[in-house]
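The values are calculated or read from the model by the stated rules, or taken from the named source; none is laboratory data. Since the model is a prediction, treat every value here as computed from it, not as a measurement. Cβ: placed from backbone, ideal geometry, glycine included. Neighbour counts: every protein chain shown. With ligands, DNA and RNA removed, areas are computed over all heavy atoms of the protein, side chains included. Shrake-Rupley method; radii C 1.70, N 1.55, O 1.52, S 1.80 Å.
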Amino acid sequence: MDIRTVPNPLVRAGGRWLHRVNQRHPWSHNDHFHGWILRRLPARRRRALDVGCGAGLLLSRLRGRFGEVLGVDADAAMAAVSAERFAGDSSVSVRHARFEEVDGAFDAITMIAALHHMPLEAALRHASELLEPGGRLLVVGLARPESLADFVWDVPSSLLNPLVGMVKHPHPVTKPVDDDGPAMPVRDAAETFAELSRVVRRVLPGAHIRRQLFFRYTLEWTRRV
């Protein structure tokens with residue numbers, strides 16, 4: 001929910017103030033959840049797959065925790081950035097590929113802000129097929145806000161966002177940061193949290209899907225057989 005669009009002058013003014021603070025103290029909602037993933041890695045750690053690896057930040061944190069780490073990204077420019085980052089590191093490989101093109105067996109599959117770029121049910125089924133018994137799927141995703149419950153979660157996220165930014169990035173940004181790298185592909189989520197939950201529970205029995213602050217949800221599932 002973008003509270004700057006709410007038709008109340010005081011709320012709109014507050015929303016503009018929050019926006020200015022967020023711009024001066026930026027932080028990554030996706031990187032914020034790396035710790036959530038790292039705390040939930042499976043016991044067996046031979047191979048890991050990061051889907052939608054982007055610039056490779058999560059790959060750098062999975063490296064050393066698994067014998068082999070593979071990153072894939074459907075965007076050629078982002079895959080090239082990650083490939084260059086890990087050039088010469090035999091434990092990390094990067095491919096420009098769509099998730100459905102990946103085969104093999106993995107002990108962990110991670111996705112951060114990637115699942116909503118793919119057909120939901122097909123992607124979940126493919127993940128379940130790639131996981132070894134005992135392997136774990138760990139997803140940090142985005143859902144389309146629609147219900148009152150969705151907006152109830154978005155309001156505290158909007159209010160807390162600048163506070164977290166001032167802690168993580170205490171020195172204000174006074175001008176745009178130059179970045180010659182490729183832009184991260186962006187897409188709005190199509191499914192609501194309720195729609196996601198129904199599909200997840202049908203395809204991945206026993207999965208844990210939860211709303212989280214800062215406009216994200218988490219999904220954790222372990223393949224038992």
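Key figures
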| quantity | calculated |
| --- | --- |
| Number of positions in the stretch 37-94 that are open to solvent by 50 Å² or more (accessible area, probe 1.4 Å), more than 19 Å from VAL139 (Cβ to Cβ) and in contact with a Phe, Trp or Tyr (Cβ under 7 Å, 6 or more places away or on another chain) | 1 |
| Odd one out for VAL186, checked against (1) surrounded by fewer than 17 Cβ atoms within 10 Å (Cβ to Cβ); (2) in contact (Cβ under 8 Å) with a residue 40 or more places away in the chain; (3) of a type outside the set (Lys, Arg) | (2) |
| Test: ALA97 is surrounded by 13 or more Cβ atoms within 10 Å (Cβ to Cβ) and within 16 Å of the chain's Cα centre (by Cα) | no |
| Enumeration of residues in the stretch 125-145 that are farther than 19 Å from VAL69 by Cα and more than 15 Å from the chain's Cα centre (by Cα) | ARG125, PRO145 |
| Residue tally, condition surrounded by 18 or more Cβ atoms within 10 Å (Cβ to Cβ) and either at positive phi or acidic (Asp, Glu) (or both), over the stretch 100-142 | 2 |
